Amino acid sequence: MAVRLEELVEERQGQTSLFDRYGRRIHYLRVSLIDQCNLRCVYCMPVRGNHFTPKGDWLTPEEIETIVRAAVAVGFDKVRLTGGEPTLRPDLIEIVERLAGIEGIRTLAMTTNGLLLPKLARPLKRAGLTRVNIHLDTVNRDSLSRLMLYNRFEKVWAGILAAEEADLTPIKLNAVVLRGYNDDDVADLAALTLERPWHVRFIEAMPLGPQATVALERFVSNVETKARIEERFGPLEPAFGGRLVGEARMYRIPGAAGLIGFISPVSEPYCDSCNRLRLTADGKMRLCLLTDHELDFRRALREEGEEALKALFARAVRAKPVGHQLRSGVYPLVRSMSQIGG
Ligand code: SAM
Ligand code: SF4
């Protein structure tokens, strides 16, 4: 069914906003720049047999800018670059510069494994990036190399410090917890917040694509992760009144400088407050992380021109599912997390 943009757009105090059928304001666009990665985290992508998008099929920097401009025109104000590993994109700085120049973007952030930040943190800041989320599953060297294949603690640590020095702050660290890999290490990771003003966020593993079985068989709920942290530090204090901040519930070890977050898409789904769409490196707009429904923005842009994009955003928002169905055992098979961006 064709949807007219006007049906979904509301003008309030001169500001345009796009609402979906369930009344959710959709204003956060995650943009995957590349599906390749220099690591192979076991819950994310297989070691072998990956089929990467050929470079010629990547959205170009101009196309990314055009799509993001159209998004901003219909009310998006937050953009996150992701991957695969976004820092592997040779034209990353140009992309950040182009997006930073778009009026109306409040936050331009990036999610990265941090390995290339010692070289890139300052140029990224200069180009206009606001902040980074860095992926660190554990501070235990052995668990780290089993879980995030090819990673070394010292390398990612250097990346975190480089981001902090470049003022890409607040530093947010993301950790996925898997049984038998890093579930014993969560309190050590949480301890980083004692002295540092960092946010350490624990993410429940989600079953997707070829690695779905790992996430299902090794799943650890955040109820357990929080209990393990409290065993060491005593009851955590709720921050922000215990409300969801984005997708995380935030806490603090009493007296600590930083915060601890729990992102619990499986045990405590937050679909009711979902505000995002996801653009893949090959130009498909994914309507929900955990369902396979996509719209082809690259084809629309190349065949119909940029005028088609605003209406396509309206269609995407209109078709956004109410939520995922993990509890009914339904999960997406077509793409791995590295092909979507988290
Ligand atoms: N390579 C970058 C990184 O690792 O941060 C960006 C892409 S990665 C797909 C984005 C986020 O997705 C990371 O924080 C990663 O831990 C998370 N992730 C990957 N696979 C996941 C899964 N199966 N369940 C939950 N989170 C996952
Ligand atoms: Fe690479 Fe990020 Fe996936 Fe790890 S989680 S394999 S770093 S894309």
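Numbers for the structure displayed
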quantity: By accessible area with a 1.4 Å probe, ligands and nucleic acids excluded, highest first: order of Trp157, Trp198; calculated: Trp157, Trp198
quantity: For the chain, cysteines whose Cβ has no other cysteine Cβ within reach (under 4.7 Å); calculated: Cys37, Cys271, Cys274, Cys288
quantity: Long-range tail of P(r) for the range 157-299 (Cα pairs > 25 Å, %); calculated: 37 percent
quantity: The range 19-340 - Kirkwood radius from inverse mean 1/r over Cα pairs (Å); calculated: 20.0 Å
quantity: Equivalent ellipsoid semi-axes - Cα gyration tensor, the range 287-342, angstrom; calculated: 25, 14, 7
quantity: Residue order for Arg48, Arg299, Arg30 - accessible surface, 1.4 angstrom probe, largest first; calculated: Arg48, Arg299, Arg30
quantity: Probe 1.4 Å, protein heavy atoms only - accessible area per residue of the range 19-340 in square angstrom; calculated: 41 Å²
quantity: Electrostatic dipole magnitude of the range 147-267 [Cβ: Lys, Arg +1; Asp, Glu -1; Cα centre; debye, to 20]; calculated: 200 debye
quantity: Karplus 3J(HN,Hα) series, Hz, for the range 222-233 with 6.51 cos²θ - 1.76 cosθ + 1.60 (x for Gly, Pro); calculated: 5, 4, 5, 4, 5, 4, 5, 5, 5, 4, 7, 10
quantity: Relative contact order computed over the range 43-141 (Cα-Cα under 8 Å; 6+ residues apart), in percent; calculated: 27 percent
quantity: GNM flexibility winner over the chain from Glu63, Glu304, Glu247 (Cα, springs under 10 Å); calculated: Glu304
quantity: For the chain, calculated [θ]222 nm from helices alone, where every DSSP H run of n ≥ 4 adds -39500 (n - 2.57); calculated: -8500 deg cm²/dmol
quantity: Whole-Hz couplings from phi, Karplus 6.51/-1.76/1.60, listed for the range 75-83; x for Gly and Pro; calculated: x, 6, 9, 10, 10, 10, 8, 8, x
quantity: Accessible-area value, Ile93, 1.4 Å probe, nucleic acids and ligands omitted, Å²; calculated: 50 Å²
quantity: Phi-based couplings in Hz for the range 36-49 (Karplus 6.51, -1.76, 1.60; Gly and Pro marked x); calculated: 8, 8, 8, 10, 9, 5, 5, 8, 10, 9, x, 5, 10, x
quantity: Nearest-10 value in Å² for the accessible area of Arg298, using the 1.4 Å probe; calculated: 40 Å²
quantity: Solvent-accessible ranking of Val245, Val96, Val72, largest area first, probe 1.4 Å; calculated: Val245, Val72, Val96
quantity: Rounded to the nearest 10 Å², the accessible area of Arg243 at probe 1.4 Å; calculated: 150 Å²
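The values are calculated or read from the model by the stated rules, or taken from the named source; none is laboratory data. Every value quoted in this text rests on a predicted model; they were computed, and no experiment measured them. Reconstructed Cβ throughout: ideal geometry from the backbone, glycine too, with neighbour counts over all protein chains shown. Just the protein is used for accessible areas: all its heavy atoms, side chains included, with ligands, DNA and RNA removed. Shrake-Rupley method; radii C 1.70, N 1.55, O 1.52, S 1.80 Å.
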